[in-house]
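Colleague: Mind having a look at this structure? Questions to follow.
The values are calculated or read from the model by the stated rules, or taken from the named source; none is laboratory data. From a predicted model like this one, the values you see are computed outputs, not experimental measurements. Every residue, glycine as well, gets a Cβ built from its backbone with ideal geometry; the counts of neighbours run over all protein chains shown.
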Amino acid sequence: MEQLVTALRAIGEPTRLRIISLLARGELTVSELVSVLGQSQPRVSRHIKLLASAGIVERLPEGTWVFYRLADHGQGQKIAQNVISLLSDTDRIMARDKERLDAVKHARTQAANTYFAEVAKDWEHIRSLHLSESSVETALRETVGSRRFKSMLDIGTGTGRILEVFGQQTDHALGIDLSHEMLNLARLNLELAGLSHCSVRHSDLYSLPFETARFDLVTIHQVLHYIDEPKAALTEAARVLAPGGLMAIVDFAPHQLEFLRDQHAHRRLGFTDAEMEDWMRAARLGKISHLALRPKTTKENAQHLTVKIWTGERVATPVSAREKA
Ligand SMILES: C[S@@+](CC[C@H](N)C(=O)[O-])C[C@H]1O[C@@H](n2cnc3c(N)ncnc32)[C@H](O)[C@@H]1O
């Protein structure tokens, strides 16, 4: 009861209600909350601290940034969800917060899009800066295996490189990306590689324009660290994966290279196996495996990045039902 009273006290305050309503729309940093709420950083931090100690909000430190999100388990989660369901979308203050949040997210997306548009041509170079591209591709091919796929989707395809890697073992392959510049390069690359059964289209990875269970291979190569909601992206990717289909995710292990945020628009500095596996399981992926590709550390590459490959298969029934069986 004591815990419940603490949680209810923490949530029962106007600014803190606004904070949980904002976090219901995704992970945010304190400075993003400050811009939306229009209050000072120390004040917002104090509110967040109270919510975190009541178990309603989780703190995710990552390098010099800290993300906050609603608790995804326990009593704090239940309380937050119940309270959120009582909040009205038509409330004047909440509606204004939502508008400001949309503006903050829009500005962030614009910055990332501008970056992608600017680097589209140099991308082939940038993607190979940290680890030999060919060794990652070889490991990815080995992990996926030589089986034939009827239909493949590459999410955040960029210049279409991953479509080229698997193009020969698929009957039909599609890549999607939000950047028109990237898509132009991908079209050119696929044409040059003679892969006429591979194509690309403009789409947002959060709402894929495909029916459920359409693909038997889905790849997400070096995309998740750029985006706000990797879990939502995985859930949407798993939706279009057929039962028994394979999902392969390539991204970085946790690292400390802050310059990737400032200079290359990275939002997340890698992912732990635990969080990736949690998200995969929540997206009804089973048979999860992971592989770490560590470069040899030398004086020249003291600041190296470890690339990870996570794979999972879409299960036909909810994982919990399978586990019980
Ligand atoms: C680092 S590039 C990786 C490209 C490619 N997968 C590769 O490894 O060469 C990340 C790509 O994700 C795309 N992207 C970012 N946010 C996206 C979104 N919301 N929907 C679709 N694509 C997105 C970017 O435009 C960019 O082309």
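Colleague: Whether any residue in segment 93-108 is closer than 29 Å to Thr311 by Cα, at pLDDT 90 or above, basic (Lys, Arg) and more than 15 Å from the ligand (Cβ to nearest atom) is what I want to check.
Modeller: No, because not a single residue in segment 93-108 is closer than 29 Å to Thr311 by Cα, at pLDDT 90 or above, basic (Lys, Arg) and more than 15 Å from the ligand (Cβ to nearest atom).
Colleague: Right, another one. Does Pro254 meet the test of being surrounded by fewer than 18 Cβ atoms within 10 Å (Cβ to Cβ), assigned to a loop (DSSP other than H, G, I, E, B) and not assigned by TED's automatic domain parsing to the domain that holds Tyr115?
Modeller: In short, yes.
Colleague: Between Thr212, Thr219, which is within 13 Å of the ligand (Cβ to nearest atom) and polar (S, T, N, Q)?
Modeller: After ruling out the rest, the residue left standing is Thr219.
Colleague: Given the conditions (1) in a helix (DSSP H, G or I); (2) among the aromatic types (Phe, Trp, Tyr); (3) under 19 Å from the mean Cα position of the chain (by Cα), which single one is not true for Tyr206?
Modeller: Unmet condition: (1).
Colleague: While we're looking at this one, here's another question. Testing Ala10 on (1) farther than 26 Å from Ala232 by Cα; (2) touching a Phe, Trp or Tyr at 6+ places or on another chain (Cβ under 6 Å), one condition comes back false. Which one is that?
Modeller: The failed condition is (2).
Colleague: Do we have Asp228 as touching a residue at least 60 places away in the same chain (Cβ under 8 Å), under 20 Å from the mean Cα position of the chain (by Cα) and either in a helix (DSSP H, G or I) or within 13 Å of the ligand (Cβ to nearest atom) (or both) here? Let's see the steps before the verdict.
Modeller: Numbers: touching a residue at least 60 places away in the same chain (Cβ under 8 Å): yes; under 20 Å from the mean Cα position of the chain (by Cα): yes; either in a helix (DSSP H, G or I) or within 13 Å of the ligand (Cβ to nearest atom) (or both): yes.
Yes.
Colleague: Something else about it: Where in segment 1-40 are there helices (runs of 4 or more DSSP H), lying wholly inside it, with at least 3 residues that are in contact with a helix residue (DSSP H, G or I) (Cβ under 9 Å, 6 or more places away or on another chain) and under 28 Å from Arg267 (Cβ atoms)?
Modeller: Because the criterion is at least 3 residues that are in contact with a helix residue (DSSP H, G or I) (Cβ under 9 Å, 6 or more places away or on another chain) and under 28 Å from Arg267 (Cβ atoms), the helices (runs of 4 or more DSSP H) in segment 1-40 that meet it are 14-23, 30-37.
Colleague: All but one of (1) over 22 Å from Arg9 (Cα atoms); (2) part of a strand (DSSP E or B); (3) under 16 Å from the mean Cα position of the chain (by Cα) hold for Pro61; state the number of the condition that does not hold.
Modeller: With (1) over 22 Å from Arg9 (Cα atoms); (2) part of a strand (DSSP E or B); (3) under 16 Å from the mean Cα position of the chain (by Cα) applied to Pro61, the lone miss is (3).
Colleague: Also, I was wondering about something else. How many of the residues in segment 186-198 are buried (at least 16 other Cβ atoms within 10 Å of the Cβ) and either within 9 Å of the ligand (Cβ to nearest atom) or of a type outside the set (A, V, I, L, M, F, W, C) (or both)?
Modeller: Total satisfying the criteria: 3.
Colleague: Quick one: in segment 129-159, of everything that is charged (D, E, K, R) and in a helix (DSSP H, G or I), which residue is surrounded by the fewest Cβ atoms within 10 Å (Cβ to Cβ)?
Modeller: Glu142
Colleague: OK, next. Among the residues of segment 176-185 satisfying the criterion of being near the ligand (Cβ under 8 Å from one of its atoms) and free of Cβ contacts under 8 Å to residues at least 40 places away in the same chain, which is surrounded by the fewest Cβ atoms within 10 Å (Cβ to Cβ)?
Modeller: Taking segment 176-185 first, the residues near the ligand (Cβ under 8 Å from one of its atoms) are 176-179, 182.
Next, only the ones that are free of Cβ contacts under 8 Å to residues at least 40 places away in the same chain stay: 176-177.
Values: Ile176: 20, Asp177: 25.
The extreme case among them is Ile176.
Colleague: Please go through segment 165-175 and pick out each residue that is within 11 Å of the ligand (Cβ to nearest atom) and either buried (at least 20 other Cβ atoms within 10 Å of the Cβ) or within 11 Å of His197 (Cα to Cα) (or both).
Modeller: Selection gives Gly175 alone.
Colleague: Here's something else I'd like to know. Please indicate, with yes or no, whether at least one residue in segment 104-123 is in a loop (DSSP other than H, G, I, E, B) and without any contact (Cβ under 8 Å) to a residue 12 or more places away in the chain.
Modeller: yes
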